[in-house]
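Chemist: Following this message is one structure expressed as structure tokens.
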Amino acid sequence: MPKIRYLDWISRTDPYSRMRKCHFAVFLCFAVLLVTTAVGQAPSRSQQKADSIISGTTAMPDTTRVRILNETGVSVFASDLELARLLGNRALEQAVTAGYQKGEADACRLLGNTHMRQGQYVEALAMSRRALAIFEQLNNLNGKADAQNTIGMVYNQQGQYPLALENFTRALDLRRQIDSTAPAPLLHENIGIVYFGQGDYQQALASFKECYEAYLAMGNEASANKVLVNIGATYNKLKMPQEALTAHKQSLSWFRKSNSVVGQAIAYNNIGSVYFVLGNYPRAIENYQASLGLKIKMNDRRGIAVSQKNIAEAWLALKQAEQA
């Protein structure tokens, strides 16, 4: 059986995407300067930036300083995790000194998300639980929902699916308490991913569909299309190849429209894998080759190897079918 790359678009969602209304993309952190001097190692660019930002807040009132540090940390979260961590640490220190609970909770939330992205799950859970406890004292439902979501993501990363589901469900309940009519696609997607990981594909499909409809209602076609790939993957697990094929062809149409070479390569591969399951090996080969061509353009070495393996297995299956 060829290696199916169905889950390439299933990912842990950005804990701050609710604020930015977009999906998270991870970028490389700024390089660390390794030049040493007579007095020791030079500070990294992230440290230099943090020092500059912090020094610019020294004349501000305590609560304003903490708020600026937290907000700046959130704004750089996607591009420089180390800078976000440094700003969060200083915000936490200042908030505790000033007795500013909301600022302390926000700093803990930022640090929880930063530790999670860096794979430091013990620290991520500690900070997120600390944030949750403070938000509960303040009766801040938005903060509680965000903290529960982060805790759920940590547990999901660790493969502790029941705990992940428990926290995602609590976060969703809180969102509904805030506004019962507001869509919460990211939480539905996270819940779907948990169900998928548990092998409960019917529940995963229901969550992914709810997520898909919510994104469409918000006019976010790009995110809706990514969820279509997850829907196709789930249909495949449910042994519903025709439905999977429809979902993947629909996603391919969007990826062409948006000129996403990566997306098209994934969609062609997924379509080829469905045709393989259906025993239509010529169509499988056709789509695998289309995927391979795009991966060669991108110099995606791992993807090239996967496509070549898929093509070889499809040709072997075709020859065996012809000889039968």
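Chemist: Of the residues that make up region 255-278, is at least one surrounded by 14 or more Cβ atoms within 10 Å (Cβ to Cβ), more than 27 Å from the chain's Cα centre (by Cα) and small (Gly, Ala, Ser)?
Modeler: So far as region 255-278 goes, no, none of its residues is surrounded by 14 or more Cβ atoms within 10 Å (Cβ to Cβ), more than 27 Å from the chain's Cα centre (by Cα) and small (Gly, Ala, Ser).
Chemist: Taking helices (runs of 4 or more DSSP H) that do not extend beyond region 133-213, which have at least 1 residues that are under 19 Å from Leu228 (Cβ atoms), at pLDDT below 95 and hydrophobic (A, V, I, L, M, F, W, C)?
Modeler: On the way: elements: 141-157, 161-178, 185-198.
Once the helices (runs of 4 or more DSSP H) in region 133-213 are filtered for at least 1 residues that are under 19 Å from Leu228 (Cβ atoms), at pLDDT below 95 and hydrophobic (A, V, I, L, M, F, W, C), what remains is 185-198.
Chemist: Still on this model: Which condition from (1) surrounded by fewer than 23 Cβ atoms within 10 Å (Cβ to Cβ); (2) under 30 Å from Ala321 (Cα atoms); (3) under 23 Å from the mean Cα position of the chain (by Cα) is the one that Tyr281 breaks?
Modeler: (3)
Chemist: Inspect all residues belonging to region 44-67 and state whether any of them is surrounded by fewer than 22 Cβ atoms within 10 Å (Cβ to Cβ), within 30 Å of Ala222 (Cβ to Cβ) and modelled with pLDDT under 90.
Modeler: Within region 44-67, none of the residues are surrounded by fewer than 22 Cβ atoms within 10 Å (Cβ to Cβ), within 30 Å of Ala222 (Cβ to Cβ) and modelled with pLDDT under 90.
Chemist: Find all pairs meeting these conditions: Cβ atoms under 6 angstrom apart; at least six residues apart or on different chains; first residue within region 227-245 and crowded, with 23+ Cβ neighbours inside 10 Å; second residue among the aromatic types (Phe, Trp, Tyr).
Modeler: These pairs meet every condition: Val227/Phe208; Val227/Tyr212; Val229/Trp9; Asn230/Phe208; Ile231/Phe208; Ala233/Tyr6; Thr234/Tyr201; Ala244/Tyr235.
Chemist: Tell me, which helices (runs of 4 or more DSSP H) wholly within region 238-323 include 3 or more residues that are of a type in the set (Ser, Thr, Tyr)? Show your work before the answer.
Modeler: Numbers: elements: 241-257, 261-278, 281-298, 301-323.
Where helices (runs of 4 or more DSSP H) fall fully within region 238-323 and carry at least 3 residues being of a type in the set (Ser, Thr, Tyr), they are 241-257, 261-278, 281-298.
Chemist: Next question, about the same structure. Whether any residue in region 252-259 is in contact with a Ser or Thr (Cβ under 7 Å, 6 or more places away or on another chain) and under 27 Å from Leu205 (Cβ atoms) is what I want to check.
Modeler: Kept after step one, since they are in contact with a Ser or Thr (Cβ under 7 Å, 6 or more places away or on another chain), are these residues of region 252-259: none.
Checked region 252-259: no residue is in contact with a Ser or Thr (Cβ under 7 Å, 6 or more places away or on another chain) and under 27 Å from Leu205 (Cβ atoms).
Chemist: What is the one condition in (1) without any contact (Cβ under 8 Å) to a residue 24 or more places away in the chain; (2) part of a helix (DSSP H, G or I) that Thr58 does not satisfy?
Modeler: Here Thr58 meets the rest and fails (2).
Chemist: May I ask you to verify whether Tyr6 is aromatic (Phe, Trp, Tyr), touching a helix residue (DSSP H, G or I) at 6+ places or on another chain (Cβ under 6 Å) and modelled with pLDDT of 50 or more? Spell out the reasoning first.
Modeler: Details: aromatic (Phe, Trp, Tyr): yes; touching a helix residue (DSSP H, G or I) at 6+ places or on another chain (Cβ under 6 Å): yes; modelled with pLDDT of 50 or more: no.
Criteria not met by Tyr6.
Chemist: Report yes if some residue within region 102-110 is under 27 Å from Pro43 (Cβ atoms) and either among the basic types (Lys, Arg) or within 19 Å of the chain's Cα centre (by Cα) (or both); otherwise report no. Outline the logic, then answer.
Modeler: First pass over region 102-110, keeping only residues under 27 Å from Pro43 (Cβ atoms): 103-104, 106-110.
If we keep only those that are either among the basic types (Lys, Arg) or within 19 Å of the chain's Cα centre (by Cα) (or both) as well, we get 109-110.
Yes, region 102-110 contains a residue that is under 27 Å from Pro43 (Cβ atoms) and either among the basic types (Lys, Arg) or within 19 Å of the chain's Cα centre (by Cα) (or both).
Chemist: While we're looking at this one, here's another question. Does Ile271 satisfy the condition of being farther than 14 Å from Ile311 by Cα and in contact with a Lys or Arg (Cβ under 7 Å, 6 or more places away or on another chain)? Quick ask: steps written out before the conclusion?
Modeler: On the way: farther than 14 Å from Ile311 by Cα: no; in contact with a Lys or Arg (Cβ under 7 Å, 6 or more places away or on another chain): yes.
Spelling it out, it is not the case that Ile271 is farther than 14 Å from Ile311 by Cα and in contact with a Lys or Arg (Cβ under 7 Å, 6 or more places away or on another chain).
Chemist: Right, next: Would region 69-86 turn up any residue that is polar (S, T, N, Q) and in a loop (DSSP other than H, G, I, E, B)? If you could, list the steps in order and put the result at the bottom.
Modeler: Let us first name the residues in region 69-86 that are polar (S, T, N, Q), namely 70, 72, 75, 79.
Cutting the leftovers down to in a loop (DSSP other than H, G, I, E, B) gives us 79.
Yes, the conditions are met somewhere in region 69-86.
The values are calculated or read from the model by the stated rules, or taken from the named source; none is laboratory data. Since this is a predicted model, take the numbers as computed values, not measurements. Neighbour counts are summed over all protein chains in view; Cβ atoms, including those assigned to glycine, are modelled from backbone coordinates with ideal geometry.
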